[in-house]
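S.K.: Shown below is the structure under consideration.
The values are calculated or read from the model by the stated rules, or taken from the named source; none is laboratory data. No experiment lies behind these values; they were computed from the predicted model shown. Neighbour counts run over all protein chains shown; Cβ positions are idealised from the backbone, glycine included.
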Amino acid sequence: MKFQKIIITFFLLIFVLNVGAQQKDNVYLFSYFVGNGEDGLHLAFSYDGLKWEALNDNNSFLTPEVGGDKLMRDPCIISGSDGKFHMVWTVSWKEKNIGYAVSDDLIHWSKQKNIPVMEHEPEARNCWAPEVFYDESSKQYLIFWSTTIPGRFPKTEKSGDNGNNHRMYYVTTKDFTIFSETKLFYDQGFNVIDGTLINENDKYVLFLKDETRYPPEKNIRIATSNELTQNYSKPTEAITGEYWAEGPTPVKIGDYWNVYFDKYQKHKMGAVRSSDLINWEDISDQIKFPEGTRHGTVFQVSQAVLNNLKDL
């Protein structure tokens, strides 16, 4: 009997160690900014997608150097097909460019550059919350963002704050050197910002913010398409609650899609989750982020990458 207990205990220990090792392999990072984005890129990590801990004592990993205002708002980072980390960000409230940099380890970054995605539009007001997405089927990167061009969409001209009436635009690239012509990405007849994209079951799923102010919406919705750059559906009903939300970022953890967002009026982060991208549960009371976290992106890295970040 004692021998049998020893055997059972041994296998239980092996099981626990294996589960622990698997959990350690699933490292999630969250790129974000604080304040107005003056000090640059911040990073936090989590093993379960609920409790997030700031890295580098919540100090910046990269200071913004491009753009007239030299801001680094809404930093979006992905791990590219080349194994490098590619980042785009909002450089200013009122400029026609977006920022770009690339890194092997999230510590040492390339020279920052402006991508003049809306310079061809003389009346364009801004380029907000750019996102980068690697498309496996076409082997190219999609970069998309939101811009107001006064007079372009007159039916909703008075729907936004301060005369803003955003639509989403995009470019594609394979090398972040040569870019396609800028084109309209998403217009379903309403003021829209903060898009982010996943591919699930061979369908493109676009999370977005309905930026309508009059009457107020300010919530997160979903549109879908079978094509990367066109024919996205009208949005679903809001997946967020009776609060204003922006900056969604999704990640699949286990059987659930977690979508994090900025409850910017309440100065804290929120989250919802779903197993089918249709029915959503608010899990805001289960998450904990570093103080001051604002609009960012969640992505997965190896334990080795995290260890290097912790060693700073």
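S.K.: For the range 215-232, how many residues meet the condition of being in contact (Cβ under 8 Å) with a residue 12 or more places away in the chain and over 20 Å from residue 172 (Cβ atoms)?
M.R.: Within the range 215-232, residues that are in contact (Cβ under 8 Å) with a residue 12 or more places away in the chain and over 20 Å from residue 172 (Cβ atoms) number 7.
S.K.: For the range 291-312, what are the residues that are more than 10 Å from residue 30 (Cα to Cα), under 17 Å from the mean Cα position of the chain (by Cα) and part of a loop (DSSP other than H, G, I, E, B)?
M.R.: Within the range 291-312, 292 is the sole residue that qualifies.
S.K.: Follow-up. Pick from the range 250-270 the residues that are without any contact (Cβ under 8 Å) to a residue 60 or more places away in the chain and crowded, with 22+ Cβ neighbours inside 10 Å: which of them is nearest to residue 197 (Cα to Cα)? Quick ask: steps written out before the conclusion?
M.R.: Kept after step one, since they are without any contact (Cβ under 8 Å) to a residue 60 or more places away in the chain, are these residues of the range 250-270: 250, 252, 254-257, 259, 261-270.
Among the residues that remain, those that are also crowded, with 22+ Cβ neighbours inside 10 Å are: 250, 259, 261-262, 269-270.
On the way: 250: 8, 259: 11, 261: 14, 262: 17, 269: 19, 270: 19 Å.
Of everything passing the filter in the range 250-270, 250 is nearest to residue 197 (Cα to Cα).
S.K.: Residues 114, 162: which one is modelled with pLDDT under 95 and surrounded by fewer than 20 Cβ atoms within 10 Å (Cβ to Cβ)? Let's see the steps before the verdict.
M.R.: Details: 114 fails: modelled with pLDDT under 95.
After applying the criteria, what remains is 162.
S.K.: Let me ask something else about it. Could you check residue 139 against (1) in contact with a Phe, Trp or Tyr (Cβ under 9 Å, 6 or more places away or on another chain); (2) within 23 Å of residue 228 (Cβ to Cβ) and say which number it fails?
M.R.: Here residue 139 meets the rest and fails (1).
S.K.: Count, please, the residues in the range 126-167 that happen to be in contact with a strand residue (DSSP E or B) (Cβ under 6 Å, 6 or more places away or on another chain) and either basic (Lys, Arg) or within 18 Å of residue 296 (Cα to Cα) (or both).
M.R.: 13
S.K.: So how many residues does the range 69-103 have that are assigned to a loop (DSSP other than H, G, I, E, B) and either modelled with pLDDT under 95 or touching a Gly at 6+ places or on another chain (Cβ under 8 Å) (or both)?
M.R.: 6
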